[in-house]
1. Tell me, please, whether a residue that is part of a helix (DSSP H, G or I), under 22 Å from the mean Cα position of the chain (by Cα), of a type outside the set (Asp, Glu) and more than 26 Å from ILE23 (Cβ to Cβ) can be found in the range 150-161.
2. How many residues are in contact (Cβ under 8 Å) with a residue 60 or more places away in the chain and in a helix (DSSP H, G or I) if we restrict to the range 177-212?
3. Search the range 91-109 for residues being small (Gly, Ala, Ser) and part of a loop (DSSP other than H, G, I, E, B), and hand back the single one that is modelled with the highest pLDDT.
4. Does LYS456 qualify as being of a type in the set (Lys, Arg) and in contact (Cβ under 8 Å) with a residue 12 or more places away in the chain?
5. Quick check: is even one residue across the range 125-135 at pLDDT 85 or above and either of a type in the set (Phe, Trp, Tyr) or more than 21 Å from the chain's Cα centre (by Cα) (or both)?
6. Show the residue pairs meeting these rules: Cβ distance below 7 Å; 6+ apart or different chains; first residue within the range 125-147 and surrounded by fewer than 22 Cβ atoms within 10 Å (Cβ to Cβ); second residue not hydrophobic (A, V, I, L, M, F, W, C) and not in a helix (DSSP H, G or I).
7. On the given criteria, is GLY321 in contact with an Asp or Glu (Cβ under 9 Å, 6 or more places away or on another chain) and over 26 Å from ILE193 (Cβ atoms)?
8. Kindly provide the set of residues from the range 397-453 that are basic (Lys, Arg) and either in contact with a helix residue (DSSP H, G or I) (Cβ under 7 Å, 6 or more places away or on another chain) or at pLDDT 90 or above (or both), ordered by number.
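The values are calculated or read from the model by the stated rules, or taken from the named source; none is laboratory data. Fair warning: this is a prediction, and the values are worked out from it, not measured in the lab. A quick note on method: Cβ atoms are made from the backbone with ideal geometry, for glycine too, and the neighbour counts reach across all protein chains shown.
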Amino acid sequence: MLEKLFKLSANKTDAKTEVLAGITTFMTMAYILAVNPNILSATGMDSGAVFTATALAAFLGTLLMAIFANYPFALAPGMGLNAYFAYTVVIGMGYSWQYALTAVFAEGIVFIILSLTNVREAIFNAIPLNLKSAVSVGIGLFIAFVGLQNANIVIGGSTLLQLFSVDGYNAAKGVEASFNNVGITVILALIGIIVTGILVVKNVKGNILWGILITWGLGIICQFAGLYVPNPEIGFYNLLPDFSNGLSIPSLSPIFAKLQFDGVFSLDFLVILFAFLFVDLFDTLGTLVGVSSKAGMLDEEGKLPNIKGALLADAVATTAGAVLGTSTTTTFVESASGVSEGGRTGLTAVTTAILFGLSLFLSPIFLAIPSFATAPALIIVGLYMLSNVISIDFSDMSEAIPCYVCIIAMPFFYSISEGISMGIITYVAINLITGKAKEKKLSALMYVLAVLFILKYIFL
């Protein structure tokens with residue numbers, strides 16, 4: 001049965017190897033079940049409902065990958081895209097989370113159309129390679145910055161930003177916090193970064209998840225020892241899971257199908273939509289090709305044979321995820337961990353999907369994990385994305401300057417889309433004025449995007 005469905009022998013693998021690979025992949029990316037509700041709840045979304053949506057989107061998306069493509073890749077709401085959703089679109093631009101979900105839904109529909117045609121390749125090829133890498137680097141810095149803020153390691157102050165102090169925190173937040181709530185959590189977050197870093201260096205399976213759990217465990221020990229004293233009034237809660245309702249699954253109703261179609265025909269909506277689409281498109285293609293090459297799954301021309309099916313799975317999962325109530329669902333680079341364990345077929349993906357389904361019953365555990373425990377995960381994931389900086393050609397200033405602008409704009413302006421738009425404008429302007437545009441065969445799409453982004457800054 002399994003042989004027929006997944007063509008195990010043709011892919012030089014067996015059921016045991018595939019199942020173990022699927023478990024490994026789940027371990028390395030299960031952190032999203034704690035991190036995603038933490039990030040999206042900043043918009044006012046119900047964290048319990050977001051947890052359920054996250055698990056369901058991961059279950060559905062990963063299962064679709066197995067069905068459409070028979071590949072060992074896992075999907076879940078993506079890092080970077082969830083940060084853009086929460087901190088740029090909702091908190092930064094002032095739109096409702098319902099409006100942001102609608103943009104994700106529209107992105108999914110567009111992505112489905114692109115996945116059924118060859119247009120996706122044209123778009124992918126239109127954006128210069130260096131600029132693609134710069135987007136990833138910028139998102140990495142942005143995510144790390146969010147992690148530092150969530151842990152209160154960095155706080156607002158007279159210098160715009162400053163290193164944590166209890167007095168500085170109280171002045172910035174207008175509260176009366178103390179060492180026994182905010183102070184100890186900052187120390188725990190710093191310890192968590194070191195612990196997670198050690199686990200990464202040691203190549204421990206599920207290192208990011210273990211880093212979160214160890215940091216949280218240290219927090220619970222501190223609570224029992226009286227070093228950490230919960231104070232819900234200023235946002236410091238009991239660290240112990242609440243099993244009073246048993247292992248029931250949190251209701252989706254607060255966020256399910258809450259789409260808002262008012263204002264979808266505005267330039268702002270198009271910019272938001274493009275940012276989601278841009279990041280998702282290149283992130284997905286990059287992940288698929290990168291992981292596949294490591295697994296030796298590319299053909300003689302360096303192409304992934306069934307990439308259309310993989311992209312379709314990603315697109316449908318994004319659309320369904322928006323209806324469920326979560327940000328863009330995308331292919332996770334952590335899939336490489338399962339592939340490195342020998343995963344070669346959709347059976348690996350099915351195993352991972354089943355584990356995401358079972359995790360629905362563990363919501364009290366994942367929802368009790370505090371932000372100081374998930375912050376180290378954000379910072380380390382930021383490092384992974386930052387590593388793409390080595391792919392940028394800094395010897396060519398006409399490439400380096402636009403990439404630099406793109407990278408620094410994201411954390412400094414607290415916006416992924418601002419980084420993308422400024423990177424594209426700068427790239428077109430510098431290469432056009434210096435006469436390098438013809439030499440580099442700059443695509444018509446780049447000119448169109450640059451003009452649209454300039455008009456956005458003029459009129460909006």
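1. yes
2. Final tally of qualifying residues: 15.
3. SER96
4. Yes, satisfied.
5. no
6. Final answer for the pair search is ALA126/SER443; ASN130/ASP393.
7. no
8. LYS436, LYS440
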